[in-house]
């Protein structure tokens, strides 16, 4: 998806080569796709626009006629959408997407996901930190598009762009996915891959939630202070970057994620906070009970007039921890300018078998 992140492409090539060399059969479909080929050839994140921010309904509708007459990221997206369409539409509920990435900062591997129970179950097959709630901070990602079409989809961040270890970690992630889904059986590579990723995570939290995104624009002159890595602890008010308006400080204490150390990009940094496993277990239990049926009885909560899967929360009336409760129940939350929060139940949040 990003041309300056070649580790995923090299990892997929290595896996296909090993499958052929060792005569391993694949019980199912295993498809590897390159996102932005032109940007990959140029070694740039993108040429005109970020290909991993344009998977929105209005854009996809414009591409329905195919790639004729298109150029740049529009052409790349149209061709990629053509390849993905039969996989997402024809195998509803049986398609798993692993979106491989790397970051400009050093650090261990981790998984990003929209918090549905199938996504969570898939993510937990990977022995790395699992970061919840990416869909509330980033719009137009390929992972969100795949989830909206009924797939189970997660993003895997393998490490720093130019670190050779990132290629190995991305390859490990692919082997783990193949083993977890039963596509490859009896291969010791899956067990070894799991062991390597477990060592890479070390003592980092198993679960965390995305709390803050610092957006940047082309005229912001944004520059991270040097030396930060993924999962570095920062305190509220700590200066982590500079811009043309002066120092940029952390709005709350937490762990730093994906600090921007490259020219292209619209995300200066993210902040995450560890989540205790008990909250994940409680969340699964509440969703199985379909507790969302009673939410409109709570003070300050009403059904959305136009969206059957959504509620409106009046922040002035709902003094209790409304956002946290809706997160437990599988809702994404978006604040509006008039003191309300629109919460929408994520699609395909059924309880997975087993």
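We did not get these values from a lab; they are worked out from the coordinates using the rules stated. As the structure is a prediction and not an experimental result, all values here were calculated from the model. With ideal geometry, Cβ positions are generated from the backbone for all residues, glycine too; neighbour counts draw on all protein chains shown.
Is the shape of region 85-146 rounded, prolate or oblate, going by the alpha carbon gyration tensor and its root eigenvalues a ≥ b ≥ c, with a/c under 1.5 for rounded and a/b larger than b/c for prolate?
prolate
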Nearest 5 percent is fine: what portion of the DSSP beta bridges confined to the chain is antiparallel? 70
Want the number for residue 262 to residue 238: 0.36 nm per residue separation, take away the alpha-carbon distance, what's left? 6.5 nm
Quick one: if you stick a label point 7 Å off each Cα along the C-beta vector at residue 202 and residue 296, how many nm between them? 5.1
Report relative contact order for region 207-274 in percent, whole number only (criteria: Cα-Cα under 8 Å, sequence separation at least 6). 42
Per the Kirkwood formula on distinct C-alpha pairs, the Rh of region 207-274 is how many angstrom? 11.9
What is the fewest-to-most order of 292, 171, 324 by other Cβ atoms lying within 10 Å of their Cβ? 324, 292, 171
Using only helices, what value at 222 nm comes out for the chain when you add -39,500 (n - 2.57) per DSSP H run of length 4 or more and divide by the total residues, to the nearest 500 deg cm²/dmol? -9500 deg cm²/dmol
Indicate, rounded to the nearest 5 percent, the antiparallel portion of the DSSP beta bridges found entirely in region 7-201. 20
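If you take the C-alpha gyration tensor of the chain, multiply each eigenvalue by 5 and take the square root, what semi-axes do you get, largest first, in whole Å?
30, 26, 23
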What fraction of the Cα pairs in region 1-159, stated in percent, has a spacing above 20 angstrom? 53
If 96, 126 are placed from fewest to most neighbouring beta carbons inside 10 Å, the sequence is 96, 126
Could you compute how fast region 111-256 diffuses translationally, taking Rh as the Kirkwood radius over C-alpha pairs and applying Stokes-Einstein at 20 °C with viscosity 1.002 mPa s? Give it in µm² per second. 125
Please report 258, 1 as a ranked list, fewest other C-beta atoms within 10 angstrom at the top and most at the bottom. 258, 1
In whole Å, what are the extents of region 1-89 along the principal axes defined by its C-alpha atoms, from largest to smallest? 43, 32, 20
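Relative contact order for region 34-119: what percent, with Cα pairs under 8 Å and sequence separation of 6 or more? Let's see the in-between values first.
Working: 38 pairs, mean separation 20.8, N = 86.
Computed over region 34-119, the figure is 24 percent.
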Restricted to Cα positions, what overall size does region 266-354 have along the principal axes? Three whole-Å values, descending. 42, 37, 24
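For an R0 of 25 angstrom, estimate the FRET efficiency from the Cβ-Cβ distance between residue 289 and residue 137 and round to the nearest 0.05.
With a Förster radius of 25 Å, E is 0.35.
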With a Förster distance of 45 angstrom and the Cβ-Cβ distance between residue 273 and residue 29, calculated FRET efficiency to the nearest 0.05 equals 0.75
Output the relative contact order of the chain, whole-number percent, from Cα pairs under 8 angstrom with separation of 6+ residues. 16
